[in-house]
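The values are calculated or read from the model by the stated rules, or taken from the named source; none is laboratory data. It should be emphasised that the depicted structure is a prediction, and the values quoted were computed from it without experimental measurement. All Cβ positions, glycine included, derive from the backbone under ideal geometry; neighbour counts span all protein chains shown.
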């Protein structure tokens, strides 16, 4: 537990050069990779109790960000010394491979697949120009096509001039949600950059139903933008169970954020939530033996949390 607390205190100081303790080498030999059949890396699907996801397959010493799957769980992307990829092919999952645009030295992290499956957003400290030595963390995107992956593209300055770290999320309209800190002494808040007429707009800070006097980080926006799950922190440490959810109301405002701790029974505090694209499963990070691990659980309970005015529609 002390390891987790110290980690978040480190984050809160803005030393963004920290790397997650996941030094395990990728498996490139198919004979050493287990035979996995079925969607979601062939794992036994959870019900209403959260369970660790594929602990021995993905990483040996904790996880820094979550795993994201394509529709129906047949392709997977996650970060581990770069961004790795695997897919269900001819009935079994192929050996994880480093994506061609990703390099270990760039600290590529936090992949997020757009709802249409056509773009993969991620964060990286790679140089933005030949002379850039800043190691600033920026948001990048690649296109996913039948021919393969495009070259990585830097999102425009209107987004990347702001400081962001960790998980980003986009809805089906490519509206971008991310965490931002105004200065080194302030907590993070969640911002939205709307995508209008093919361009990202000036990021807007979300209202007080989501952003509080504490800190809010690592948003997940549902594909159609009707709910937002995020982590809440205090002094750099996960606060009061970690994950909260807010629903978009009919007047385009947000409902008061509700904690998810009573539904997910966190060991320490939830973080980095992602709901699968068909809304079946909720993935999140929680502590296990002092390290972050990926957990998953049935996402059915999220419907029960809708405000009354949305349930009656």
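The number of residues in region 266-287 that are in contact with a strand residue (DSSP E or B) (Cβ under 6 Å, 6 or more places away or on another chain) and under 27 Å from residue 234 (Cα atoms) comes to 15. Restricting attention to region 153-165, the residues being in contact (Cβ under 8 Å) with a residue 40 or more places away in the chain and touching a helix residue (DSSP H, G or I) at 6+ places or on another chain (Cβ under 9 Å) number 1.
The rows are residues; the columns are (1) outside any strand (DSSP E or B); (2) modelled with pLDDT of 90 or more; (3) closer than 23 Å to residue 63 by Cβ.
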| site | (1), (2), (3) |
| --- | --- |
| 239 | no, no, yes |
| 256 | yes, yes, no |
| 266 | yes, no, yes |
| 286 | no, no, yes |
| 297 | no, yes, yes |
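Note on region 299-313: residues that are loosely packed, with under 13 Cβ neighbours inside 10 Å and either assigned to a strand (DSSP E or B) or touching a helix residue (DSSP H, G or I) at 6+ places or on another chain (Cβ under 9 Å) (or both) amount to 3.
The rows are residues; the columns are (1) in contact with a helix residue (DSSP H, G or I) (Cβ under 8 Å, 6 or more places away or on another chain); (2) touching a residue at least 12 places away in the same chain (Cβ under 8 Å); (3) within 27 Å of residue 208 (Cα to Cα).
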position	(1), (2), (3)
126	yes, yes, no
135	no, yes, no
143	no, yes, no
148	no, yes, no
167	no, yes, yes
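So residue 260 fits all but one of (1) crowded, with 21+ Cβ neighbours inside 10 Å; (2) in contact (Cβ under 8 Å) with a residue 60 or more places away in the chain; what number is the exception? Condition not satisfied by residue 260: (2). Taken as a whole, the structure leaves residue 33 outside the set of residues that are modelled with pLDDT of 80 or more, farther than 22 Å from residue 268 by Cβ and buried (at least 20 other Cβ atoms within 10 Å of the Cβ). For residue 249, indicate whether it is farther than 26 Å from residue 74 by Cβ, at pLDDT 90 or above, touching a helix residue (DSSP H, G or I) at 6+ places or on another chain (Cβ under 8 Å) and loosely packed, with under 15 Cβ neighbours inside 10 Å. So residue 249 passes the test.
Residues that are modelled with pLDDT under 95 and within 20 Å of residue 153 (Cβ to Cβ) were ranked within region 66-82; the one that is farthest from the chain's Cα centre (by Cα) is 82. Look at region 200-222: where a residue is on the phi < 0 side of the Ramachandran plot and in contact (Cβ under 8 Å) with a residue 24 or more places away in the chain and a partner is surrounded by fewer than 19 Cβ atoms within 10 Å (Cβ to Cβ) and part of a loop (DSSP other than H, G, I, E, B), sitting 6+ places away or on another chain with Cβ atoms under 6 Å, you get 200/156; 201/194; 209/256.
Could you tell me whether region 90-101 includes any residue that is over 26 Å from residue 289 (Cα atoms) and without any contact (Cβ under 8 Å) to a residue 40 or more places away in the chain?
Within region 90-101, one or more residues are over 26 Å from residue 289 (Cα atoms) and without any contact (Cβ under 8 Å) to a residue 40 or more places away in the chain.
Going by what's in this entry, would residue 277 be described as surrounded by fewer than 23 Cβ atoms within 10 Å (Cβ to Cβ) and part of a helix (DSSP H, G or I)?
Taking the combined requirement at face value, the residue does not satisfy it.
Applying the criterion of being part of a strand (DSSP E or B) and in contact with a strand residue (DSSP E or B) (Cβ under 6 Å, 6 or more places away or on another chain) to the residues of region 145-161, the residue that is modelled with the lowest pLDDT is 149.
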